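One structure is given here, and the rest of the page talks about it.
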């Protein structure tokens, strides 16, 4: 494909997506920053499949290194830092993100590519793309990639299966979250049939924790407030503590679920103060509150039960603003809910 040749207009057809993947020769896949299992492993699974078609593929991440819990697959060789990308890109694929800001410093790679594709499952998606495949009903981007590969008649070998398994397992919380469906289990059954080591994957991804993460878990519990008649768990981890501890991004994975797992809690919020007065927020809900709706008020987004956002200001002020929005959403379902200040 000539570098300046376009391959399609915005569409949701999987056939259009497949045609574009077949035509492109030099492909860069861009998962979101603050990388997680679904973003990274969906990208790597797609990359391995495209390599089998003799494509030149790179997966570019924002982080300096792959998180420890994900740094054990054979597909890791596809991962490159932005500075290492030296190929002429025909097609840039933004995967597992619905907001271009989530590409961080790599946004220019996507914006300057002659052809842009977006594969995503977030209900809040505002990315401009030549070709777009968004399925908010998919439990993970791993499910969407699986469908693409099956439609392309690409054999899902053990290496691809391992990546897809991790992608789906992590975004469903080990198949415990409400986004887990009958289809999810059918896909997982096929992936397991390739011979992947489910016990080892689960141990590496879900069980192993660094000492630093254990310290963060302690601080999360220590700082936790239970509010709104025990419907809300709110935790903020201050900059000074983070700066002293020097945790990796991976060490924060899953901390917000500590609050969600408390009996009676509907909404769990974890604020991480990355810089003084600058917070990265994670939100998880259990049954009825729409986390994406609340997060969108702070230029964030995600899913109904899992979303993220960024917010700035004094912690007391930020806490008040967030709890006001959460209380509004809770009141639609529980009219008598009041904040415990």
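The values are calculated or read from the model by the stated rules, or taken from the named source; none is laboratory data. Predicted model only: the values in this text are computed from it and were never measured. Cβ coordinates were reconstructed from backbone atoms using ideal geometry, including for glycine residues, and neighbour counts include every protein chain displayed.
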Take segment 181-221 and flag every residue that is farther than 23 Å from residue 250 by Cβ, touching a residue at least 12 places away in the same chain (Cβ under 8 Å) and part of a loop (DSSP other than H, G, I, E, B). 181, 194, 195
Taking the criterion of being buried (at least 23 other Cβ atoms within 10 Å of the Cβ) and at pLDDT 95 or above, would at least one residue in segment 313-322 satisfy it? yes
Could you say whether any residue in segment 54-64 is in a loop (DSSP other than H, G, I, E, B) and either free of Cβ contacts under 8 Å to residues at least 12 places away in the same chain or closer than 24 Å to residue 198 by Cα (or both)? yes
Show me the helices (runs of 4 or more DSSP H) entirely contained within segment 75-172 in which 3 or more residues are farther than 19 Å from residue 303 by Cα, touching a residue at least 40 places away in the same chain (Cβ under 8 Å) and not assigned by TED's automatic domain parsing to the domain that holds residue 301. 141-151, 158-171
Members of segment 293-317 found to be closer than 16 Å to residue 123 by Cβ and in a helix (DSSP H, G or I), listed by number: 293, 294, 295, 296
Conditions (1) over 24 Å from residue 61 (Cβ atoms); (2) more than 17 Å from the chain's Cα centre (by Cα); (3) not in a loop (DSSP other than H, G, I, E, B) -> residue 262 fails only (3)
